[in-house]
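Asker: Encoded as structure tokens, here's the structure I'll be asking about.
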Amino acid sequence: MKRRRAISPFIATVLLVAMTISLGGVLYTQFRDTVVSQIRNPSVSLIDVNVADDRRTVTLLVKNDGNVDFRVSSFGLAYGAATQNYVIGNNVSLISGDASMKPGSLLTARFKIVTTRLPSFASFTITVVADQLARAFNVEA
């Protein structure tokens, strides 16, 4: 009867370490995606901008497309060298939604420009200011 030699202890150790490292890599990649999705990510999108025929009344549709709640406090309008701020509760009226926005919620706000009129086909910047973020959007209307 012929005897076969078993695998050497050195090769067994190398194989065991390699399998352990491979398993660790698989677990790391699986849990990394889970942890990254739990990170707070405030984000806002400007879905629609409507400038009325009087070229002074601006209506905005804003969406919370992040994963945390935030409160919109004001909007900024920059046209040319002029910048104006419009504060919710002061000179901004909320048409629908609430200034305290949950993820996925929508807010429709309207304000009236008092110092100037926006010409047709004008480019301007709308800034959405909230308690955790401020984001500017270039708009043509």
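Asker: Within the stretch 92-141, can you find the residues that are within 16 Å of the chain's Cα centre (by Cα) and of a type in the set (D, E, K, R)?
Answerer: 102, 131, 135
Asker: Looking at the stretch 54-65, I want the residues that are without any contact (Cβ under 8 Å) to a residue 60 or more places away in the chain and have a partner that is among the hydroxyl-bearing types (Ser, Thr, Tyr) with Cβ atoms under 8 Å, at least 6 apart or on another chain. Which pairs are those?
Answerer: 59/108; 61/108; 63/45; 63/105; 64/43; 64/105; 65/43; 65/45
Asker: Condition first: without any contact (Cβ under 8 Å) to a residue 12 or more places away in the chain and closer than 30 Å to residue 95 by Cβ. Now tell me which residues in the stretch 1-53 satisfy that.
Answerer: 52, 53
Asker: Got a sec? Which of 99, 122, 81, 109 is under 15 Å from residue 135 (Cβ atoms) and of a type in the set (A, V, I, L, M)?
Answerer: When all the criteria are applied, what remains is 109.
Readers should treat all values here as calculations from the given coordinates under stated rules, not as data from a laboratory. All of these numbers come straight from a predicted model, not from anything done at the bench. Cβ sites come from the backbone with ideal geometry, for glycine too, and all protein chains shown count toward neighbours.
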